[in-house]
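Asks: Have a look at this one.
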Amino acid sequence: MSGADDGLVVDNIARSFNGQQAVDHVSFEVRPGELVALVGASGSGKTTTLRIVAGYEQADDGRVLFSGQDITRLGPSKRGFGMVFQHYALFPHMSVIDNVAFGLEARGVGRAERRRRASSALDRVGLGGKGERMVQQLSGGEQQRVALARAGVIEPRLLLLDEPLSNLDPTLRQSTRDELRTTLKESKAPALFVTHDQDDAFAIADRIVLLSRGRVLQTGSPEDLYDRPVTRDVAMFIGHATMIPARRNGEVASVTIADVTHAVSLSSSANVRDGAEGAIVLRPEAVEIARGESGDTWPVSVVGRRFAGAQFVYRVRLDDDLVLDVASRDRIEVGQAVGVRVTRPVPMVP
Amino acid sequence: MTVARWFDQRSRAERMATLAALPLLLVLIWTVVYPNVAVIAGSFGHWREFAESPSDVEALKNSIIIAVASVVASLAIGVPLAFLLTRFDFPGRTLLRAAALLPAALPPLVGVISFLFLYGDTGVITRLTQIVLGLQEVPWHLNGIGAIIFIHAYTMYVYVYLFVSAGLERYEASLDEAAVGLGASTFRRLTRVTLPLLTPAIAGSALLVFMSALGSFSAPYVFGGGIRVLSTQILNSKLNDAIGLAYVETTVLAISAVAGLMLFRWLEGKRAYVAAGKGGASRRPVHSRWARVALACAAGLIVLVLVLPHLMIVLVSFAKDGAWTTQVLPPVYTTHNYAGLFTENQLWTPIRNSIVMSVLATAANVVFCVAGAYLIVTRKFSGRRLLEVLVALPWAIPGTAVALGLLATFNKNDIAMGKILLVGTFWILPLAYFVRDIPLVSQAVEGSLRQMDPSLEPAARGLGASWWMAVRRVVLPAARPGIVAGALLACVTAVGEFVASIVLYTHGNRPISIEILAQLRSYAFGTASAYSTLLIGLVLIMALAARIAESRMQ
């Protein structure tokens, strides 16, 4: 735990519900100015972790520190964090500007001053002039921005966001991602956000904490998790991958498919002892289809084809129960026998 | 030691909620649970009396027959009417839809009286029929089980109609379309798809009818003839000073009600589908000319039957007391009946009593039930389930039984036994109204709070609001529609309350319903009707106010 004196430190927290361990001794930190994503499938404990950080849930064990101060038992109203809820939790009986000004009202800011600050917060999220509307009159994207303005106007020490993009339709989601990162970076406050969508995490986060069944699987930058997964679960969750059984052999892995063995070079991150069994992580961009015989290919048959605009994505069968997606610009018929080869060093996991 | 340890193991939030719920639980145990226990305790030693009394055994049998028959009759009217009004378009539909709710605006005793004026031996319809058919004798007598079921069907089908209509409004139209697309006939579609999916609505409303009919007091009391039912037996025993027997009868009635409740819940549980969809079934216009004419005529006739009791009450309220003897309609009209209510002290007192007592009870209901509903909906704590059950409990206990329970508990000052003397004082009736309306107000407020996004209060706290600020600025505004609706409903039922009142009233705090009965007994039909009209007016005004409050908040 180095140099986290100014940020958030989550130290070994645990929480169980009815005997189920929802959060199983999780630790991570959020440094000043950093955007961190808590990523995991539903039930991974990411929302409970966020709620413990916010103060809405109590940890059974472990500590939460901010700026070196232990805030584990502090009520949510005293933490000075701003939270954006999954469904935004905008007060339906208040106008947009009253919603944004609520936190200032709670802090005893005078009416004129809080209206001024609330409307400039609305300006910043591009909603100037909509302050007098009722929240139901706004679109989903606009509501999300109101929630963001409401959380930001109190100048929080830390912003917490629970699935901030999950309520938006797919097209809006794409553009909002970049916008959200810009807004969060401009606000200077560090942010911790929960998402089940790795694309959201890749686009927004500086660092990702990947959770599964209440435990941290891996923490690192998006590139770390993608290129250097430490376990099969990480590789499965991040990106699209096929695991193929292999044995490490120095800087290469020997891979046998349908009785044909080739050596595949490993990237620097191989998390397997020399000589041990494991699996290589094959992603579509690391493989190519080779037509005709060649020394380093495996024979496969094409079982499916999907048109993806710039290229085709072929589904090929390697073995009885191994299929792999490969991108190619060439047109190949389903049923055709071709070869595949690995074109770049790949990660290996236990 | 163990309590302290248990307490320590809870989170702070849970401890606070448990502490806050404690006074509410104590009030409920004192005013709801304890009275029932006292009744059961008082019944010991009198069960042989009950078992050996032929009239009591008959009363139990009659009560159950009436309850079951009322359910059947209400279903037979309510279900087809709901289908007709939600699925078809025909001339007169709008009018019929409005009139279908009218029986709900009749306080229990008032409905009974209007039926007496219309269909009793000297009633308008009875005499008209006699004259038109040229009969020597009256064509029928409005008494006995048949008469009771008749008026129950009129007043209680509304529950079925409302529940089934609501079910049909939400009903996913594509389900019927799918059934038709798969080749189902109309009959098969109805019996295999539509009705099974409406089972929750039908069972829920049938339960309401069963409970109301089982505990019904006004109809058997006024024109039961020689028919005995449990609720009237209880009052008789009490008036004959056989209080032990009254406790047995009360226990039997309460057990029957709870058994009925459990039976229906069990039936409902067997068919628990969640069939709520987007709704969207459109009404089909009826095209055939003859069908349209027939439907319009039928609608007109039904509307007339529905409106007649109200019209009759209003008409008789202008009739000069004592002048209506053998004529079909009252011969002499006056506004004196109304003037009397507001000028004669004796006649004004019941109105003042009813208003004061119902406002007191309602105010207490609002404070108590908002606190309870808030804890039930927004908190998790040990005792939450108990609180939930106890606020709903008075609903399962017939009014007569509630009254006997209060009678058994608040009959003397005995602090050690948790008893204080309220019987014979003004306060016993506001207490009875409060207890009876707890479920109503709680349910309304809980309904509103459940619609609230559960993140709102945490969001307010997270923005730095104190607990009280979050409640005042966020939770109470969200609960407001339920509070307003629940308060108005409670006020209306309390103002017209009769069943518990007749057991517990004193001359000093006699409410309107008791005075109506007294006026009726002295053949002052005009005055009794003027009171009744006042009650109907109050009901309609409050229903309107609730509707306006609701639409304003949206």
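Asks: Quick one: order A:Ser254, B:Ser455 by neighbouring beta-carbon count within 10 Å, fewest to most.
Replies: The fewest-first ordering by Cβ neighbours comes to A:Ser254, B:Ser455.
Asks: Same structure again: Under the definition of partner shielding as Cβ atoms of other protein chains within 10 Å of a residue Cβ, what is the mean value for peptide A:76-89?
Replies: Averaged over the peptide's residues, the number is 5.
Asks: Which value, in debye to the nearest 20, describes the size of the charge dipole of the protein assembly as shown about its Cα centre when Lys and Arg Cβ atoms bear +1, Asp and Glu Cβ atoms bear -1, and nothing else is charged?
Replies: Dipole about the Cα centre, nearest 20: 1420 debye.
Asks: Rounded to two decimal places and with Rh computed the Kirkwood way over Cα pairs, what is Rg over Rh for the range A:8-227?
Replies: Answer for the range A:8-227: 0.97.
Asks: Quote the convex hull volume per residue of the range A:240-344, based on C-alpha atoms, as a whole number of Å³.
Replies: Cα convex hull per residue, to the nearest whole number: 102 Å³.
Asks: So what are the protein assembly as shown's ellipsoid semi-axes, whole angstrom, largest first, if each one is the square root of 5 times an eigenvalue of the alpha-carbon gyration tensor?
Replies: 68, 34, 27
Asks: Starting from the amide H of A:Val84, placed 1.01 Å from N in the peptide plane, find each other amide H under 5 Å away whose residue is 5 or more places distant or on another chain.
Replies: A:Leu160, A:Leu161, A:Asp162
Asks: In addition: Where the only charges are on Cβ atoms (+1 Lys, Arg; -1 Asp, Glu), what is the dipole of chain B about its Cα centre, to the nearest 20 debye?
Replies: 1640 debye
Asks: Other chains near B:463-476: what is the mean number of their Cβ atoms within 10 Å of each residue's Cβ?
Replies: The shielding value for this peptide is 5.
Asks: Same structure again: Please state the charge dipole magnitude for the range A:48-156, taken about the Cα centre, from unit charges on C-beta atoms (+1 on K and R, -1 on D and E), reported in debye and rounded to the nearest 20.
Replies: The calculated dipole for the range A:48-156 is roughly 320 debye.
Asks: At a 10 Å Cβ-Cβ cut-off, how would you order A:Thr72, B:Thr409, fewest neighbours first?
Replies: Taking fewest neighbouring Cβ atoms as first place, the list is A:Thr72, B:Thr409.
Asks: Right, something else. Where does the range B:90-157 land on Rg/Rh, using Cα atoms and the Kirkwood Rh?
Replies: For the range B:90-157, the value is 1.06.
Asks: Residue-wise, which Karplus ³J(HN,Hα) couplings in Hz belong to the range B:408-415, taking 6.51 cos²θ - 1.76 cosθ + 1.60, θ = phi - 60°, and x for glycine or proline?
Replies: These are the phi-based 3J(HN,Hα) values: 7, 9, 9, 9, 7, 8, 8, 4 Hz.
Asks: Using the Karplus curve 6.51 cos²θ - 1.76 cosθ + 1.60 with θ = phi - 60°, work out ³J(HN,Hα) for each residue of the range A:218-226 in order, rounded to whole Hz, and write x for Gly and Pro.
Replies: Working through the residues one at a time gives 6, 10, x, 6, x, 5, 4, 5, 6 Hz.
Asks: Sticking with this one: Among B:Asn411, A:Ser44, B:Leu311, which residue has its Cα positioned farthest towards the positive end of the charge dipole of the protein assembly as shown, with +1 placed on the Cβ of Lys and Arg, -1 on the Cβ of Asp and Glu, and the dipole taken about the Cα centre?
Replies: Result: B:Leu311.
Asks: Once the dipole of the range B:45-317 is set up with Lys and Arg at +1 and Asp and Glu at -1 on Cβ about the Cα centre, which of B:Phe187, B:Ala100, B:Pro54 lies farthest towards its positive end?
Replies: Toward the positive end, the furthest listed residue is B:Phe187.
Asks: Rounded to the nearest 500, what is chain A's calculated 222 nm mean residue ellipticity when only DSSP H runs of at least 4 contribute -39500 (n - 2.57) each, over all residues?
Replies: -7500 deg cm²/dmol
Asks: If every alpha-carbon in the range B:45-317 counts as one equal scatterer, what log10 I(q)/I(0) does Debye give at q = 0.07, 0.08 1/Å?
Replies: -0.32, -0.42
Asks: For the range A:21-52 and the range B:151-201, what is the centre-to-centre distance using only Cα atoms, to the nearest Å?
Replies: 47 Å
Asks: Which of the residue pairs A:Lys188/B:Lys380; B:Lys61/B:Lys412; A:Lys46/A:Lys130; B:Lys238/B:Lys412; A:Lys78/A:Lys185 have a Cα-Cα distance greater than 29 Å in the structure shown?
Replies: Table pairs above 29 Å Cα-Cα are A:Lys188/B:Lys380; B:Lys61/B:Lys412; A:Lys46/A:Lys130.
Asks: Relative to the longest principal axis of the C-alpha atoms of chain A, give the angle of the C-alpha long axis of helix A:140-153, reported between 0 and 90° and rounded to the nearest 10°.
Replies: Here the helix axis deviates by roughly 60 degrees.
Asks: Going by amide H atoms built from the backbone, whose H comes under 5 Å of the H on A:Ala22, apart from near neighbours?
Replies: A:Arg15, A:Ser16, A:Phe17
Asks: Kindly write out, for the range B:424-433 in residue order, the coupling ³J(HN,Hα) from the Karplus curve 6.51 cos²θ - 1.76 cosθ + 1.60 (θ = phi - 60°), rounded to whole Hz, with x marking Gly and Pro.
Replies: Karplus-based 3J(HN,Hα) across the range B:424-433 equals x, 10, 4, 6, 5, 6, x, 5, 4, 5 Hz.
Asks: If chain B were replaced by its equivalent ellipsoid, with semi-axes equal to the square roots of 5 times the Cα gyration tensor eigenvalues, what would those be, largest first, whole Å?
Replies: 38, 34, 24
Asks: Add -39500 (n - 2.57) for each DSSP H run of 4 or more in chain B, then divide by its residues: what number comes out at 222 nm, to the nearest 500 deg cm²/dmol?
Replies: Computed mean residue ellipticity for chain B: -24000 deg cm²/dmol.
Asks: Among B:Ser74, B:Ile502, B:Trp395, pick out the residue whose Cα is farthest towards the positive end of the charge dipole of the protein assembly as shown, where Lys and Arg carry +1 and Asp and Glu carry -1 on C-beta, about the Cα centre.
Replies: It is B:Ile502.
Asks: While we're on this one: As I understand it, the value is the acute angle between the Cα axis of helix A:96-106 and the longest principal axis of the Cα atoms of chain A; what does it come to in degrees, rounded to 10?
Replies: Helix A:96-106 sits roughly 70 degrees off the main axis of chain A.
Asks: Under 5 Å between amide H atoms, partner at least 5 residues away or on a different chain: which partners does B:Tyr333 have, H built in plane at 1.01 Å?
Replies: It is B:Lys320, by chain and number.
Asks: Give me the net charge for the shell around B:Phe88: Cβ to Cβ below 11 angstrom, other residues only, Lys and Arg +1, Asp and Glu -1.
Replies: Value of the local net charge: +4.
Asks: Tell me the net charge near A:Ala54. Cut-off is 11 Å between Cβ atoms, A:Ala54 excluded, with +1 for each Lys or Arg and -1 for each Asp or Glu.
Replies: +1
Asks: Now for a different question. Which ordering of B:Ser74, B:Ser43, A:Ser67 is given by a fewest-first count of other beta-carbon atoms within 10 Å?
Replies: Ranked by crowding around the Cβ, least crowded first: A:Ser67, B:Ser43, B:Ser74.
Asks: Taking Cα centroids, how far is the range A:228-243 from the range A:154-200 in Å?
Replies: Between the Cα centre of the range A:228-243 and that of the range A:154-200, the gap is 24 Å.
Values in this text are rule-based calculations from the coordinates and carry no lab data. Small disclaimer: the values here were computed from a predicted structure and weren't measured. Note that each Cβ is placed from the backbone with ideal geometry, even for glycine, and that neighbours are counted across all protein chains shown.
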